[in-house]
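See structure below.
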Amino acid sequence: MSKKNKQDPRLPDETFEPYEEPRLIPLPVYWIAIALAIWGVVTLVQTSNAGHFADKERAALGEKTASVASPAASTAAPDTGAGKALFADNCSSCHGDAGEGVADAIPPLHASDVIKAGGASAISQIVMRGIGGPLIVDKANYDGEMPSFSSVLSDTEIAAIADYVATDLNGMNSTVSPDQVAEIRTASEDMDPWDGGAGLASLINGLPPQPASENASAPSPEATATASLASQGTANIWSCASCHGDKGEGTQTVPRLAGLAPAYLAKQLHDFSKGTRISDSMAYVAKSLSETQITELANYYGAMSSPSGAQPALKGDLARGEQLALSGDYSKNVPACFTCHGTSGIGVGAQFPGLAAQQPAYIAHQLAMWAGGARHNSPLGLMAGIGKALSDEDRRAVADYLASLPPAAGNAKTALAVSPTLKETTNVQ
Amino acid sequence: MSSKHPSDTTPPGPDSAKGGRTAIRAILAVGGGLTLAVLGSLVLEFGLAPSWLTGQKSVPAASPKGAMADLFTPPPESTIPNDEFGASVRRGMAIFTATGTNAHDFVGNNLSCSNCHLDAGRQAFSAPMWAAYPVYPKYRSKNKMVNTMEDRIKGCFTYSMNAQGSPSGGPPPYGSDVYRDLQSYFYWMSKGLPIGETPDGAGFGKIDKPALPPSRERGAQVFAANCAVCHGKDGLGQTDVNGKTVFPPLWGPHSFNWGAGMHKASSAAAFIQHNMPLSEPGKLSAQEAWDVATFLDSHPRPKDPRQTGAITLQEADKKWHKSSEDFYGETVDGVVLGTGYPKPAPAAN
């Protein structure tokens, strides 16, 4: 090497020998490094976009995120197309795409004599509080339960929907302003749903004759005892409200209980104590309850109407979630969730629980548990197949969509009989 | 990229050769890197990556339908055009999925077309509409004439929808908008299929002959274990709190009548094996499907609308029910089957 140093540095190295060159990094190393760098950047861009996509969809679905967070506080001015889109997202699953209703089950909105008599303001009143019980619309009898939308729609949104239904679907010259809806909201704070046609008669002048009310009687003393058991607990029984919330609305992976069918709630409590459904805390809770207490608590939560405590939180694709809920994905053997869980996720009978306004983290978690086999108590193993068929994105999508729906009203009619022979016995079966 | 020779530290001499090499190396490195990235993404895209890498379990095809991938996929709803024709397609779809509401005058039970033709008439092996549309008009031995699509739909209204019990007392008259809109919907969903060829996935598919003669008693057990959760212990279906039918009745006054294809054990067995229990197709063996289909057939339902006027039950049995292994005209549990109900049953409620 000494010879080399004597040479003019600017001249080519005559003694250069290839093997002296410091070892070059082999090309494949560069290839892999560059490929990894590209992959890294792409994933980064994709994950940050996924959030944006979801946001966009949420905006498209009627600014639900904003409105759920603070239902009364949305200030955006209603525009003409908004009412139609909001109607499609919130009302058409029950009342039909054109407001035609469902024969003998859900009244029409496109030419309703109730709306003709009450206009946009009455529509807002009904959407705000919900309505249940005997009702006559266009000479046909109905006796159903429409949920209250107060916890999922803003004043502006309710006004836009009411205007659309009154003007476009009924050809009326009747509108309502967001401010008027705000007043309705304040006035109907903590009020029960309208008591069918009899309830509306006090609101709407000139309403066609309506059937008598079937109002449920005042809560019995046992119900108040059950209420205190649920909210306070006892020395041996944990308070349900401490985890499930004061109004049974749930949070995170603790489920909403309010408005679920009593028979379903009782079955789950039995499953926890038998160990066919696994949850350490609930197994402890369920084993501490007597058979009578199980029935009474199930009836108590089943009859409870409370606002939604859920909102989309998992960055799910709401449009995909809506598709799974309303149409399913038959290429994966997944029928629409609502074929089994009922229109708009309000539940069917004792076996098919309501899903509307259920906590999204809870729904996604349960679907994953079915997929993994940790929850395996559904009749015929129906949910196991569905949980397995859904990808993680699908689970988040459908959970977020369901969280955006109004909660089903409590229903005292489905209460289980508290059999005296079962009193104070513990869970056998 | 420090591929420089140490001797290059001083002002470079005539080293263009080396500079060129560096450039070539850079190009090779970047080019190779890009190629690798592209190859990698292609592998992932086409699902060629092994599952240990992607963390996704390959979903086993639980369906007995063989290669689902070969079946026709009807277009997504989002592609319905936004014009007059598209409006007709949408109305047709609404009639198909909520028949009692949107074709109210012609429906005499609590069913919708989509209760038997699943996924709004799109599901293979539940007699999908895309598989039917390209093969009509065709001759049917049931009514011994060439049937247009309108005739065929009229048949499902007459029997499956029990039109005799509807407000109008019969199926939609020829030329009704109900047929027009339904056919728009079928035509739209069949786009791309050749005319005159029956595609795979048509009808209810094939079912093996049962090893033992079908038995009503075994069928009752299959029913209790696999169907009652949804269709009810009494088979009369379930409604939600608003009274809307969620799980359709399999028999009784609000189900299809004795003239409907679904009452024949052979049709029902094939439908059941390929579609029921809902979300678990293929769960039942052929024997179980035949047994439960026979059990289904052995219950009362609205009368065969062809048995009118002077035609007695016995004559109707000979004429339309003789060859099929059905319960029409037989006495089961003390009840003569086929007599229907005194008055046409009012729809719903």
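The values are calculated or read from the model by the stated rules, or taken from the named source; none is laboratory data. Source: prediction; values computed, not measured. Neighbour counts run over all protein chains shown; Cβ positions are idealised from the backbone, glycine included. Note: accessible area is taken over every heavy atom of the protein model, side chains too, but ligands, DNA and RNA are not part of it. Shrake-Rupley method; radii C 1.70, N 1.55, O 1.52, S 1.80 Å.
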Karplus (6.51, -1.76, 1.60) ³J(HN,Hα), θ = phi - 60°, over the range B:104-117, in Hz, Gly and Pro reported as x: 3, 5, 10, 10, x, 8, 9, 9, 10, 3, 6, 5, 9, 9
Magnitude of the charge dipole, the range A:318-403, Cβ model with Lys/Arg +1 and Asp/Glu -1, debye to 20: 180
Under the Debye formula (equal points on every Cα, no solvent term), log10 I(q)/I(0) of the range A:318-403 at q = 0.12, 0.14, 0.22, 0.27 Å⁻¹: -0.29, -0.40, -1.09, -1.71
Positive-end residue of A:ILE346, A:HIS376, A:VAL398, charge dipole of the range A:318-403 with Cβ unit charges: A:HIS376
Contour excess over end-to-end distance, with Cα ends at B:ASP177 and B:VAL30 and 0.36 nm allotted per residue: 46.5 nm
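Peptide B:272-282: average number of partner chain Cβ atoms within 10 Å per residue? All intermediate terms of the calculation are to be shown ahead of the outcome.
On the way: counts 0, 0, 0, 1, 0, 5, 6, 15, 7, 2, 1.
Mean partner-chain Cβ count within 10 Å for B:272-282: 3.
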Peptide ranges A:290-299, A:186-195, A:393-402 listed from the most packed, as the mean C-beta count within 10 angstrom indicates: A:393-402, A:290-299, A:186-195
Per-residue HN-Hα couplings for the range B:182-191 [Karplus 6.51, -1.76, 1.60; θ = phi - 60°; Hz; x = Gly/Pro]: 4, 5, 4, 5, 5, 4, 4, 7, 8, 3
The range A:161-218, relative contact order in percent, only Cα pairs under 8 angstrom and at least six apart counted: 20
Simple label model, 7 Å out from Cα along Cβ direction - B:TYR139 to A:ALA201, nm: 6.5
A:ARG277 long-range amide H proximity, modeled H, under 5 Å: A:PHE272
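Might you report the magnitude of the Cβ-based charge dipole of the range B:77-189 about its Cα centre, with Lys and Arg at +1 and Asp and Glu at -1, to the nearest 20 debye?
On the way: 10 positive and 9 negative charges, 102 e Å.
Charge dipole, the range B:77-189, about its Cα centre: 480 debye, nearest 20.
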Area accessible to solvent at B:HIS104, 1.4 Å probe radius, in Å²: 80
Amide hydrogen neighbours beyond the local backbone of B:GLN238, cut-off 5 Å, H modeled: B:VAL246, B:PHE247
For the range B:202-248, Kirkwood radius (reciprocal of mean inverse C-alpha pair distance, Å): 12.9
Test item: A:25-32 mean partner chain Cβ contacts at 10 Å: 5
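Trypsin sites (Lys or Arg not before Pro) within the range B:215-257: which are DSSP loop residues with at most 12 other Cβ atoms inside 10 Å? Show your work: numbers first, answer last.
Values: sites: B:ARG216, B:ARG218, B:LYS233, B:LYS244; in loops: B:LYS233, B:LYS244.
Listed in order of number, the matching sites are B:LYS233.
How fast does the range A:206-336 diffuse by Stokes-Einstein, in µm²/s, taking the Kirkwood radius from C-alpha pairs at 4 °C and 1.567 mPa s? Let's see the in-between values first.
On the way: Rh = 17.3 Å.
D = 75 µm²/s.
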Qualifying trypsin sites (Lys or Arg not before Pro) in the range B:65-162, DSSP loop, other Cβ atoms within 10 Å at most 15: B:LYS142, B:LYS144
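What number comes out for the charge environment of A:LEU257, summing +1 per Lys or Arg and -1 per Asp or Glu over other residues with Cβ under 10 Å away? List each step's numbers first, then the result.
Details: positive: A:LYS247, A:ARG256; negative: A:GLU249.
For residues surrounding A:LEU257, the net value is +1.
If you average the sequence gap of Cα pairs under 8 Å that are 6 or more apart and divide by the length of the range B:215-349, what percent do you get for the contact order? All intermediate terms of the calculation are to be shown ahead of the outcome.
Working: 207 pairs, mean separation 35.1, N = 135.
It comes to 26 percent, rounded to a whole number.
Ranked highest first by average number of other Cβ atoms within 10 Å, how do A:321-329, A:242-250, B:205-213, A:366-374 line up? Please report the intermediate quantities before stating the final value.
Details: A:321-329: 21.3, A:242-250: 18.7, B:205-213: 13.2, A:366-374: 17.1.
Ranked by mean Cβ neighbours within 10 Å, highest first: A:321-329, A:242-250, A:366-374, B:205-213.
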For the range B:77-189, the spread of Cα positions along each principal axis, largest first, Å: 36, 30, 27
Distance in nm between pseudo-label sites at B:SER78 and A:GLU189 (7 Å out along the Cβ direction from Cα): 4.3
Built amide H within the under 5 Å cut-off of B:GLY338, gap 5+: B:ARG301, B:GLY329
For the range A:79-203, the fraction of alpha-carbon pairs in successive 5 Å shells from zero, as %: 2, 12, 23, 27, 23, 10, 2, 0
Ellipsoid semi-axes in whole angstrom, largest first, where each is sqrt(5λ) of the Cα gyration tensor of the range B:216-336: 25, 18, 12
Inter-probe distance in nm under a simple model that places probes 7 Å from Cα toward Cβ, at A:ASN141 and A:ILE278: 5.1
Cβ neighbours within 10 Å from other chains - mean over B:228-240: 4
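Would you mind checking A:LYS267/A:LYS413; A:LYS139/B:LYS303; B:LYS206/B:LYS283; B:LYS154/B:LYS322; A:LYS332/B:LYS264 for any pair whose Cα atoms are more than 26 angstrom apart? Intermediate results must be reported in sequence, preceding the final value.
Details: A:LYS267/A:LYS413 18 Å; A:LYS139/B:LYS303 30 Å; B:LYS206/B:LYS283 15 Å; B:LYS154/B:LYS322 24 Å; A:LYS332/B:LYS264 29 Å.
Exceeds cut-off: A:LYS139/B:LYS303; A:LYS332/B:LYS264.
Given contacts defined as C-alpha pairs under 8 Å and at least six residues apart, what's the relative contact order of the range A:340-424, whole-number percent?
On the way: 87 pairs, mean separation 26.0, N = 85.
Computed over the range A:340-424, the figure is 31 percent.
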